[in-house]
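Undergrad: Before I ask anything, here is the structure I am working with.
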Amino acid sequence: GSVRCVQETDIIPAMEKKKGEKGKDSEGKKYTSVDEVWNPKKSASEEKSESVKKEWYDKSVEYWSGAQRDASGMVQGWDAVLGPDVKFSSQIVEKYIKSGRLKTGSAIDCGGGVGRVCKEVLTNYFDHVDIVDQAATLIDAAQKSISSPKMRNFYVAGLQKFEFQEKYDCIWVQWALMHLTNDDAVEFLSNCKKHLNEKGLIFLKENEKEKGFLVDKMDSSISRSEAMHAEIISKAGFKVCEVLIPVSYTHLRAHETLRYLVCRLLLEKKKH
């Protein structure tokens, strides 16, 4: 895959490009800005906006609670991605461990579903592994399918409400930030920052559009542009230390072509 390192200063122009980004949803509705997704009318009351957000999260829980409880269900039938994804993730983790950049004490998979990443990747490298997901049915499946003694805690919670109980060397977030509103995505990553050990890393893997955004009404998810991700990451107090694009698989969960899975490694910004 192609790899490029991103310095903190690169985020600023990306943030500027974000202004005026438009989007659409899977039902064909168009949006002039991402704010319209969760705040349909600027004049809408705070109570109305909260109602829209509650519906957003309720629909996501409903969808994933009814999903097929195995790896195929977690990638919505895109089974061809499973092998390459595990290989790619393992290579990234190994690279950072071998360089001494990543410690191997503990990791948590946020939005981990049935524990696919925990089972195939994280338990191979970390002494203690936790998992959190919004769907109790998926966490139950994870408990039954992962036999590794390295598994420690199984939490049921939406990431917008999750309260970390531990600190971690690695926080894994894959196809999960896409289920959070922009504000909650910033809040969640800010919360992650407080629960990273020194030199800890966040591995953020999300679908990404070249520009604009696409909302999937079926499972309450949003594929964001590079600039939108950059703004969220910067607001949460992180810098991107590496960007990796696995070119071996594209068109994931696609309503259109050319949607790529992009992996970012996020490093906490140190205050001087």
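Undergrad: For segment 110-227, just say rounded, prolate or oblate: build the C-alpha gyration tensor, square-root its eigenvalues into a ≥ b ≥ c, call rounded for a/c under 1.5, and beyond that prolate if a/b exceeds b/c, oblate if not.
TA: prolate
Undergrad: Which length gain, in nm to one decimal place, applies between SER33 and ARG152 when the Cα-Cα distance is subtracted from 0.36 nm times their residue separation? Display every interim value, and only then the final one.
TA: Numbers: separation 119, 0.36 × 119 = 42.84 nm, distance 4.12 nm.
Additional length available on full extension: 38.7 nm.
Undergrad: Moving on. Among LYS22/LYS235; LYS29/LYS87; LYS24/LYS167; LYS30/LYS239; LYS22/LYS103, which pairs are too far apart, with a Cα-Cα distance over 29 Å? Working shown, then result.
TA: Numbers: LYS22/LYS235 21 Å; LYS29/LYS87 37 Å; LYS24/LYS167 38 Å; LYS30/LYS239 31 Å; LYS22/LYS103 40 Å.
From the list (LYS22/LYS235; LYS29/LYS87; LYS24/LYS167; LYS30/LYS239; LYS22/LYS103), the Cα-Cα distance tops 29 Å for LYS29/LYS87; LYS24/LYS167; LYS30/LYS239; LYS22/LYS103.
Undergrad: At 1.4 Å probe size, what's the solvent-accessible area of ASP140? Round to the nearest 10 Å².
TA: Roll a 1.4 Å probe over it and ASP140 shows about 60 Å².
Undergrad: State the extension gain, in nm to one decimal, for the chain segment bounded by SER51 and MET218, taking 0.36 nm per residue of separation less the distance between their alpha-carbons. Display every interim value, and only then the final one.
TA: Working: separation 167, 0.36 × 167 = 60.12 nm, distance 1.78 nm.
Contour length minus Cα-Cα distance gives 58.3 nm.
Undergrad: On full extension of the chain, what length is gained from ASP127 through LYS24, given 0.36 nm per residue of separation minus the C-alpha to C-alpha distance?
TA: Details: separation 103, 0.36 × 103 = 37.08 nm, distance 4.27 nm.
Full extension of this stretch gives 32.8 nm more.
Undergrad: GLU198 versus LYS211, label points 7 Å from Cα toward the beta carbon: distance in nm?
TA: 4.5 nm
Undergrad: For segment 140-153, just list the computed ³J(HN,Hα) in residue order, Karplus coefficients 6.51, -1.76 and 1.60, θ = phi - 60°, integers in Hz, with x standing in for Gly and Pro.
TA: 4, 5, 4, 4, 7, 9, 9, 9, 4, x, 6, 5, 10, 10
Undergrad: In sequence order, what are the phi-derived ³J(HN,Hα) couplings for segment 50-62 according to the Karplus relation 6.51 cos²θ - 1.76 cosθ + 1.60 with θ = phi - 60°, rounded to whole Hz, with x for glycine and proline?
TA: Running phi through 6.51 cos²θ - 1.76 cosθ + 1.60 with θ = phi - 60° gives 5, 5, 5, 5, 4, 4, 4, 6, 4, 5, 5, 4, 4 Hz.
Undergrad: Show the residues, 5+ positions off or on another chain, whose built amide H is closer than 5 Å to the amide H of SER106.
TA: Amide H neighbours of SER106, under 5 Å, 5+ apart: ASP127, HIS128, ASP169, CYS170.
Undergrad: For segment 146-220, calculate the relative contact order in percent as a whole number, restricting contacts to Cα pairs under 8 Å that are 6 or more residues apart. Spell out each step's value before the answer.
TA: Working: 55 pairs, mean separation 28.8, N = 75.
Computed over segment 146-220, the figure is 38 percent.
The values are calculated or read from the model by the stated rules, or taken from the named source; none is laboratory data. Since we're looking at a predicted model, the values are computed, not measured. Note that each Cβ is placed from the backbone with ideal geometry, even for glycine, and that neighbours are counted across all protein chains shown. Surface accessibility is based on the protein's heavy atoms, side chains included, excluding ligands, DNA and RNA. Shrake-Rupley method; radii C 1.70, N 1.55, O 1.52, S 1.80 Å.
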